[in-house]
Amino acid sequence: MTGPVAERKLLFEQGAPGRVGYLPPECDVPELPIDELIPEHALREEQPPLPELSELEVVRHFTRLSRINHAIDVGFYPLGSCTMKYNPKMNEAAAGMAGFARIHPYQPDETVQGALELMYELEKALCEIAGLDRASLQPAAGAQGELTGLMIIRAYHESRGEGHRNEIICPDSAHGTNPASAAMCGYKLIQVPSDARGGMDVEALRAVVGPNTAGLMLTNPNTLGLFDENIAEITEIVRTAGGLLYYDGANANAILGISRPGDMGFDIVHFNLHKTFSTPHGGGGPGAGPVCVRKELAPFLPAPTVERGENGFYLDYDRPQAVGRLHAFYGNFGVLVRAYAYIRHLGAEGLRRVSEHAVLHANYLMHLLKPYYDLPYDRHCKHEFVLSGARQKRLGVRTLDIAKRLLDYGIHAPTVYFPLIVDEAIMIEPTETEPKAVLDEFARVMIEIAREAEENPEVVQGAPHRTVVGRLDEARAAREPDVCWRPPET
Ligand SMILES: *Cc1c(COP(=O)(O)O)cnc(C)c1O
């Protein structure tokens, strides 16, 4: 590890024996002997080696950590494929309301009518956006939504005596979770190449469908940010072969209120509420990956579903064909509240404007940057676009170096080296929430880095220079993260 202030000691090794940050009141109940409360074999013999700190030290520690981290609330975060938009604080306030945050999952239905109504209405809103009929809000992430959808595909084919269908088709631009979910569900993966325009090669698809096709997984616009113009033909080919159509809607930021997967011919869709519908998700969670389906597939949705009866809303566990349970209780409820608040706040018109602005911003940036970076698929993009750092690579500057150099300018790096079909890929998704001045500043910095790559490549190759921690060993940082305080060796 290099960098100006990489001193671990300064960051973590604080406090002194005997220092405390609390002052409990006098005990006003009779004290019982400890061995009456805890069985002897479970009693500690020594004090645990915990850090001892004053309140001020604790406050400073966490405030300092938060300030050396990048966050959407601090700066631009153009992370392609993974909408990192501003998450309105109103949604946090809604999710924190006692009536939502303090209820217990085992409460009787009649005492949580508001929470059930929220889930019922959110399901309806998501189905409207998807162009489908019913949904489960249970899955906790996009990848888990995919697994749920694939389990539904399997259950559907089995229910029709076609359990032999064991192949899932994905394009070579697919998000990595698609093939992973298919494999996890026991499917054989069939990969279809992209054509010269970045869409799915229709003839190659025609050649691989057949009696073993269980389904196709596709995201449209795809991870290149391109809308597949042949989508109706693609879904028809798979349907005619007896397969189902799965739409990966993890990132739906380009289509809200404009085009609906159900209308494109898809049967199953998952959304990532933590991407498109505004739950903060840096650092890995919690999330929600609801799955919407056509009515014919509704019996296979996980139990319970939320239903409306004569006496109000209730949870229906009586679902004999359900694929089972994917998550404890009803999923990550707080994320559902945020998504509901977001959707209701914007309304249908507002959601459409989200996508219009997301697409406009991406095209604007793409046009500013394309004289300076290679653009392998030069056509209108949707919510994101993919540059190639091939030109800079010939100067000895890799895409990784460019990503690191951006950090010196206070900008989070975009997704790099994905999708795999673009050499030295730089995948940029500006989102709808950034002002034009921020987009212009990002373009200025990217152009400046392109100039540096020509005139002063060392400064890019050695970046970042201005962050608290310099360039890390990426593999070790991911596999052996060192983020815990440990007691000093005694
Ligand atoms: C993010 C993403 C996923 C995976 O979602 P998780 O919630 O991270 O599991 C799947 N597909 C696409 C296209 C994505 O952008």
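Within the range 151-186, being of a type outside the set (D, E, K, R), farther than 19 Å from Thr223 by Cβ and crowded, with 23+ Cβ neighbours inside 10 Å holds for Ile152, Ile153, Tyr156. Can you tell me how many residues within the range 97-128 are within 18 Å of Ile343 (Cβ to Cβ) and part of a helix (DSSP H, G or I)? Total meeting the criteria: 16. Does Leu132 satisfy the criteria of being surrounded by 14 or more Cβ atoms within 10 Å (Cβ to Cβ), within 16 Å of the ligand (Cβ to nearest atom), closer than 30 Å to Thr219 by Cα and touching a residue at least 40 places away in the same chain (Cβ under 8 Å)? So Leu132 does not fit the description; no. Considering only residues in the range 12-51 that are among the acidic types (Asp, Glu) and modelled with pLDDT of 90 or more, the one that is farthest from Pro488 (Cα to Cα) turns out to be Asp28. Restricted to the range 138-154, and to residues there that are outside any helix (DSSP H, G or I) and of a type in the set (A, V, I, L, M), the residue that is farthest from Val238 (Cα to Cα) is Ala140. There is at least one residue in the range 198-215 that is within 16 Å of the ligand (Cβ to nearest atom), under 25 Å from Met84 (Cβ atoms) and not polar (S, T, N, Q).
Scanning the range 170-193 for residues being in a loop (DSSP other than H, G, I, E, B), within 16 Å of the ligand (Cβ to nearest atom), more than 17 Å from Ala322 (Cβ to Cβ) and not small (Gly, Ala, Ser) gives a total of 2. Restricting the search to the range 241-254, which residues are within 16 Å of the ligand (Cβ to nearest atom) and more than 20 Å from Ala141 (Cβ to Cβ)? Passing the criteria: Leu245, Ala254.
Could you please let me know if Val238 is touching a residue at least 12 places away in the same chain (Cβ under 8 Å), away from the ligand (no atom under 16 Å from the Cβ) and touching a Ser or Thr at 6+ places or on another chain (Cβ under 7 Å)? So Val238 fits the description; yes.
Would you confirm, using the coordinates I've provided, whether Tyr156 is of a type in the set (Ser, Thr, Tyr) and under 17 Å from Thr240 (Cβ atoms)? Considered against the rule, which asks whether it is of a type in the set (Ser, Thr, Tyr) and under 17 Å from Thr240 (Cβ atoms), Tyr156 comes out as yes. So which strands (runs of 3 or more DSSP E) are wholly in the range 198-312 and hold at least 3 residues that are modelled with pLDDT of 95 or more, aliphatic (A, V, I, L, M) and surrounded by fewer than 17 Cβ atoms within 10 Å (Cβ to Cβ)? Once the strands (runs of 3 or more DSSP E) in the range 198-312 are filtered for at least 3 residues that are modelled with pLDDT of 95 or more, aliphatic (A, V, I, L, M) and surrounded by fewer than 17 Cβ atoms within 10 Å (Cβ to Cβ), nothing remains.
Out of Glu167, Glu146, which single residue is among the charged types (D, E, K, R), within 15 Å of the ligand (Cβ to nearest atom) and under 15 Å from Tyr246 (Cα atoms)? If you could, list the steps in order and put the result at the bottom.
Details: Glu167 fails: within 15 Å of the ligand (Cβ to nearest atom).
Only one candidate qualifies: Glu146.
Taken over the range 108-144, the criterion of being among the charged types (D, E, K, R) and out of contact with any Leu (no Cβ under 9 Å at 6 or more places or on another chain) is satisfied by Glu110, Glu117, Glu121, Lys124, Glu128.
The values are calculated or read from the model by the stated rules, or taken from the named source; none is laboratory data. Treat the numbers as computed from the prediction; the structure is a model and nothing was measured. With ideal geometry, Cβ positions are generated from the backbone for all residues, glycine too; neighbour counts draw on all protein chains shown.
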